[in-house]
Amino acid sequence: MGPEIESAALIEWLNLFFVATPFLFLILAFITGKSAEKRHYRSIKLREETWHHIPAITGKQLPGLPEINSAELVVGSVVVSIDYFKRLLSGFRMIFGGEMKSYSSVIDRGRREAVLRMKEASPKADMFLNCRIETSTISNGKGKAIGCAEILAYATAVRFRADV
C-alpha cells in the first residue's frame with residue numbers, strides 16, 4: 001500500500017468518527033437517562049410504600065379528627081432536570097405539537113419526590129393537612145428556561161393526642 005491509500009483510509013476513518021460521535025453520545029445519553037429515571041422511580045416506589053399509611057390531604061381540617069397535640073409546617077423540595085436526549089426530542093415535539101411526555105415524567109417524579117421529602121421531614125406526624133404543591137421553572141436569568149424545575153410540597157404536620 002502506498003502512502004496515498006493509507007492517508008485516504010485514515011481520512012475515511014476520521015470522517016466516520018466525527019459523523020458517528022454525536023450519534024454515539026445521543027445513544028449514551030438515552031441509555032444513561034433512562035437508567036437514572038428507572039432507578040429514581042424504584043427509589044420513589046419503595047419510599048412511598050413506607051409512607052402510604054400517613055395521609056397528606058388538601059383539606060384544612062376534617063370533622064371527627066382527634067384532638068391535635070402539636071402541629072408544624074413541613075416542607076419538601078426538589079430540583080429536577082431533563083437530560084439532553086429528552087430535551088432534543090422535546091425540541092421536535094415543540095415544532096409539531098402534542099404532549100411532551102419526556103417533561104411529564106420529570107414533573108411526575110419531582111412531585112412524588114417532593115411529597116416524600118415533606119413526609120420525611122416530620123416522620124412522627126399522624127397526618128399532613130392542607131398539603132400544597134408548587135412548581136416553578138428555573139431559567140438562566142435571560143427569561144429562557146434551562147430544562148429544570150423546582151417542585152415544592154408543604155403542609156401542616158399534625159400529631160394527635162395519645163391519651164384521648
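Here, each number is a calculation from the coordinates, and none is a lab measurement. This structure is a prediction, so every number in the text was calculated from the model and none was measured. Cβ coordinates were reconstructed from backbone atoms using ideal geometry, including for glycine residues, and neighbour counts include every protein chain displayed.
May I ask which of K45/K86; K60/K124; K34/K124; K86/K124 have a Cα-Cα span longer than 30 Å here? Violating the 30 Å limit, Cα to Cα: K34/K124; K86/K124. Shape of the chain from the C-alpha gyration tensor: prolate (a/c of 1.5 or more and a/b above b/c, with a ≥ b ≥ c the square roots of its eigenvalues). Other residues lying with their Cβ under 13 Å from the Cβ of R42 contribute a combined charge of +3, Lys and Arg counting +1, Asp and Glu -1. Taking a sphere under 13 Å around the Cβ of N69 and counting the other residues whose Cβ falls inside, with K and R at +1 and D and E at -1, yields a net charge of -1. Potential lengthening of the chain between I107 and E12 amounts to 29.8 nm, from the contour at 0.36 nm per residue minus the alpha-carbon distance. Counting only Cβ charges, +1 for Lys and Arg and -1 for Asp and Glu, the dipole size of the stretch 99-142 around its Cα centre is about 80 debye.
Counting Lys and Arg as +1 and Asp and Glu as -1 over every other residue whose Cβ lies under 12 Å from the Cβ of T156, the net charge comes to +1.
Relative contact order for the stretch 3-160: 31 percent, from Cα pairs under 8 Å spaced at least 6 residues apart, divided by residue count.
Applied to the stretch 125-135, the Karplus parametrisation 6.51 cos²θ - 1.76 cosθ + 1.60 on θ = phi - 60° returns per-residue 3J(HN,Hα) values of 5, 8, 6, 10, 9, 6, 5, 10, 10, 10, 10 Hz, with x for Gly and Pro.
At a 10 angstrom cut-off on C-beta neighbours, averaged per residue, how do the peptides 92-99, 118-125 rank from highest to lowest?
Details: 92-99: 8.6, 118-125: 17.9.
By packing density, highest mean first, the sequence is 118-125, 92-99.
How large is the dipole of the chain about the Cα centre if only Lys and Arg carry +1 and Asp and Glu carry -1, each at its Cβ, rounded to the nearest 20 debye? Don't skip to the answer; put the middle values down first.
Details: 22 positive and 17 negative charges, 99 e Å.
Magnitude of the dipole: close to 480 debye.
Comparing N130, N15, N69, which has the greatest mean-square fluctuation in the GNM of the chain with Cα pairs linked when under 10 Å apart? Greatest mean-square fluctuation among the candidates belongs to N15.
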